Every structure is written in structure tokens, then in C-alpha cells.
1. Going by the conditions given, is residue 11 farther than 28 Å from residue 136 by Cβ and in contact with a helix residue (DSSP H, G or I) (Cβ under 8 Å, 6 or more places away or on another chain)?
2. Spot the failing condition for residue 138; the list is (1) in a loop (DSSP other than H, G, I, E, B); (2) under 15 Å from the mean Cα position of the chain (by Cα); (3) farther than 17 Å from residue 43 by Cα, and only one is missed.
3. Answer yes or no as to whether residue 46 is under 26 Å from residue 22 (Cα atoms), in contact (Cβ under 8 Å) with a residue 40 or more places away in the chain and assigned to a strand (DSSP E or B).
4. Is there any pair linking a residue in region 124-139 that is surrounded by 11 or more Cβ atoms within 10 Å (Cβ to Cβ) to one that is aliphatic (A, V, I, L, M), with Cβ under 9 Å and at least six apart or on different chains, and which?
5. Could you check region 1-41 for strands (runs of 3 or more DSSP E) lying wholly inside it with 1 or more residues that are exposed (fewer than 13 other Cβ atoms within 10 Å of the Cβ)?
Amino acid sequence: MQKMTTLKGGCLCGAVRFQWRGESVSASYCHCLDCRKATGGPYTVGVGVDAAGLTISSGKTKGYTTVADSGNPITRQFCPKCGSPLFTKAEVCPDRVWIKAGSLDEPELIKPTHQSWIGKAVPWAYLDRDLPSYAGNGP
């Protein structure tokens, strides 16, 4: 049995604050073009959690929906005031949400286990070459 975990975080301006509490956390790097464009970086680190454990304690998010490289619609949620990316939700996985690791108060608690969409990675962004890598979404 996994132990209960609490993650807290928010946006850059502090308007949106959230908390997640649950037992199942997984994290990975994503190199897809959409994640790169949405974050302004070479990849994103998504923390996959059960959606039921996520609560927004202050503020409201705004969402932007696109069709991902997988062919499925996904919605990226962000702070409407400062634009900070906060969560990603996929219609194909309605019980999951991916919290952006950079939005966490303690991102050092997160340990990504793999990377996805590796064929779209930019060559100048170095990650551990021994990390399991997948052409698509991963395991």
C-alpha cells in the first residue's frame, strides 16, 4: 500500500492555489510540440494523479483545448491572470489530471520515471539517457 501524499502549489501571481491528496503519483517528461509550446520550454514534467484528489483552494483556472499528438483532445488549464500552466486533462483519461511539476511548492518531491514523445525532443535539452523513453505517451 502506498502512503498518502499531499502536493500543494499555485501560479506565479498567487491568484490560483491548489492541493492534491492521494496515494498514486507518477511523473514523466513530455517532449511533444504542444507541451513545448504551452510551457515555453523544451519539455514539460507532468505529475499524473487521480483527479478526485485535486482541489482548487483559491482562484479559478481557464482552459484551452487542442488535439494532442495522440489524436485525443486535451485541455491545458492555466491562471487567467498570469498565464502560469497548472494542469492538463485528457478526455481519454477523465479520472486523471497531470499537474505541472513547476507549479508545485515542493517540486523536488517529484521524480520522473520516463519520458514520452522522445522523437520530438530538441537535441540541446539534456535528460538522463538511461531514463526509459517512449515514442508515444509511454506506459
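1. Yes, satisfied.
2. Looking at each condition in turn, residue 138 falls short on (3).
3. yes
4. Close Cβ pairs (under 9 Å, with a partner that is aliphatic (A, V, I, L, M)) amount to 127/121; 133/118; 133/121; 133/127; 134/118; 137/68.
5. In region 1-41, the matching strands (runs of 3 or more DSSP E) lie at 5-10.
Readers should treat all values here as calculations from the given coordinates under stated rules, not as data from a laboratory. Values in this document were obtained by computation on a predicted structure and should not be read as measured data. Using ideal geometry, Cβ is built from the backbone for each residue, glycine included, and neighbour counts are taken over all protein chains shown.
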